[in-house]
Amino acid sequence: MKQSSRTAVIVGAQWGDEGKGKIVDVLSEQFSVVARYAGGHNAGHTVIINGEKFVLQLVPCGIFRKGCRGVIGNGVVLDPIAFLKEVEELRKTGVKVDGNNLFISNRAQVILPYHRMMELASENAPGRVKIGTTSRGIGPTYEDKMGRRGLRVIDLLDLKLLKTHIENACREKNMIAHALFNSEPIDADKMYAEYAEAARQVAPFVADTAVLLNRAIADGEAVMFEGAQATMLDIDHGTYPFVTSSSTTAGGAATGTGVPPTAIRNVIGVTKAYCTRVGGGPFPTEINNASTALRLDGSALAALLQHDQRLLMAGGNETRRIGRAGGDSGLHRL
């Protein structure tokens, strides 16, 4: 590996919505590749270019920079329908998005409709302590990944395997959802038809992105790893169980893309002067009065969810803990 190669991880150093997308967009001018390494379309990065607002959920922010390649790593869970919709919206605005400047890992896990069904039913079950999820199937998809029963992007492209997987999974998930939550069953044939077509459209973007990233680093190219959510929402180091389902800290960049930890030279943590979070869970020094004014003045609406956030004043203890977990070599406040 060339010592001249520049690599950096951009992480949210609080509970999310710190402005990571803006930082990634500004810095992407200096990088050849920008790679997402965790989460799914439960993340939302807002970028404003020439007065036009873009909200990216899966596509890395570097897509707006000429000559910059975007990578959706193996640590991301991909909803093919949401991905294709986002690509279509970007193309409508004149942004170039194709298989030459955007790549999806063949090892990324696929979100399917029954994942959304299971999450929505579970979150609203009687007696359940609400986590405050987006109900987009992120958690159940990671559950299936760890249970070794998930569907990877490379499997999505094998239509025979896809059909068998959907039939078997729907049979199992429908039985569980009906028994536990009295949910309506999902039609396996309808799902297969929809996702077989989605597979055809996704196929040009699919690549072994671990090889692509390691080759880029070895060739001395500058590679940025774009975090989603934030340190305090990390599955291990966040305010468990009120967290997301992936490794959002800098350590997740290695496992979520397939590059060695030794290849990552810088970690940049992004903070705000005050913290915001969506959903339930502990929130030390939470602000209850004046929170509406702060939300409006700071435009503190989650890019993805577009609903009110809880606020607190940033504290030293939280910042120190976040720095330890994230390994931040630079802390940038917006």
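The values are calculated or read from the model by the stated rules, or taken from the named source; none is laboratory data. Bear in mind the structure is a predicted one, so any value in this text is a computation, not a measurement. Reconstructed Cβ throughout: ideal geometry from the backbone, glycine too, with neighbour counts over all protein chains shown. All accessible areas refer to the heavy atoms of the entire protein, side chains included, with ligands and DNA or RNA removed. Shrake-Rupley method; radii C 1.70, N 1.55, O 1.52, S 1.80 Å.
Here are some notes:
- Within segment 62-99, restricting attention to residues that are over 14 Å from residue 40 (Cα atoms) and among the hydrophobic types (A, V, I, L, M, F, W, C), the residue that is most open to solvent (accessible area, probe 1.4 Å) is 64.
- Some residue of segment 219-239 being more than 21 Å from residue 8 (Cα to Cα), part of a loop (DSSP other than H, G, I, E, B) and open to solvent by 30 Å² or more (accessible area, probe 1.4 Å): yes
- Selection of segment 47-68 for residues being closer than 24 Å to residue 247 by Cα and without any contact (Cβ under 8 Å) to a residue 60 or more places away in the chain yields 47, 56, 58, 59, 63.
- For segment 32-55, taking the residues that are hydrophobic (A, V, I, L, M, F, W, C) and buried (at least 23 other Cβ atoms within 10 Å of the Cβ), the one that is nearest to residue 221 (Cα to Cα) is identified as 33.
- Helices (runs of 4 or more DSSP H) contained in segment 100-209 and holding at least 3 residues surrounded by 17 or more Cβ atoms within 10 Å (Cβ to Cβ), in contact (Cβ under 8 Å) with a residue 60 or more places away in the chain and in contact with a Gly (Cβ under 9 Å, 6 or more places away or on another chain): 113-123, 138-146
- Of the numbered criteria (1) surrounded by fewer than 20 Cβ atoms within 10 Å (Cβ to Cβ); (2) modelled with pLDDT under 95; (3) in a loop (DSSP other than H, G, I, E, B), the one residue 295 fails is (3).
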